Amino acid sequence: MLKKYYSSIIVIISLSFSLAGQTTAKKNDPYSNPVILKHYSVSELQQIEASDSVKFNSIIYYYTQSFIIEKVDCPTCEEELDINKFDISKYEYLRKKSERFTRHAEKYGVIITLLSIDELIYKLPIHIAN
C-alpha cells in the first residue's frame, strides 16, 4: 500500500514538472509566444534568427526574462493576470538604468519588477540609448 502511495506521488510530481516545463517552453518559444507575435511576424522572426542571433536572443530575453512577476494573495482582485500574455513593452518607460523598478498591480494581484538596464543580459537598442 505504501509503495502504491509513493508511486502516485512520484507520478504527480513528474506531471507537475512536465506541465511547468511546457509553460516555460511555450513562453520562451518566440514562434508560439503571443506577446512576441504581437510585435513580430513569424517571417520577421525567422529572418532575424537567420541573420542576427544576438538580436533574436535579445527579443526573446526582453519579452520573457527582463522582468519578474510575483503573485500576491489578493482575494479582491478584479482578474488574474495571464503571465504568458504579459507585455513588458507597456511598462518599458518605467525601467531605470541602474536600479530595479517595482510596481504593485493591485488589479491583478501581482508585483511587477523590471530589471535595471545594467542587469539586462541582452539589450535592445532602446536600452543602449539610455
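Values in this text are rule-based calculations from the coordinates and carry no lab data. Just so it is clear, the model here is predicted, and its values are computed rather than measured. A quick note on method: Cβ atoms are made from the backbone with ideal geometry, for glycine too, and the neighbour counts reach across all protein chains shown.
Among the GluC sites (Glu not before Pro) within region 60-94, which fall in a DSSP loop and have no more than 16 other Cβ atoms within 10 Å of their own Cβ?
Within region 60-94, the qualifying GluC sites (Glu not before Pro) (loop, at most 16 other Cβ atoms within 10 Å) are Glu78, Glu79, Glu80.
Using just the C-alpha positions of region 64-130 as equal point scatterers, what log10 of I(q)/I(0) does the Debye formula give at each q in 0.21 1/Å?
For region 64-130 at q = 0.21 Å⁻¹, log10 I(q)/I(0) is -0.86.
So, in nm, how far is label Phe101 from label Ile121 when the simple model puts each one 7 Å beyond its Cα toward the Cβ?
Spacing of the two 7 Å Cα→Cβ label points: 2.3 nm.
Mind checking the full-extension length gain between Tyr91 and Gln65? Use 0.36 nm per residue of separation minus the Cα-Cα distance, one decimal, nm.
Gain on stretching Tyr91 to Gln65: 8.0 nm.
Can you list the residues, at least 5 places off or on another chain, whose amide H is less than 5 Å from the amide H of Phe67, using H built in the peptide plane?
Under 5 Å from the amide H of Phe67 lie the amide H atoms of Leu115, each far enough along the sequence or on another chain.
Where does each of Arg100, Arg95 land when they are ranked from fewest to most other beta-carbon atoms within 10 angstrom?
Arg100, Arg95
For region 33-130: lysine pairs with Cα atoms under 18 Å, gap of 8 or more or different chains, count?
11
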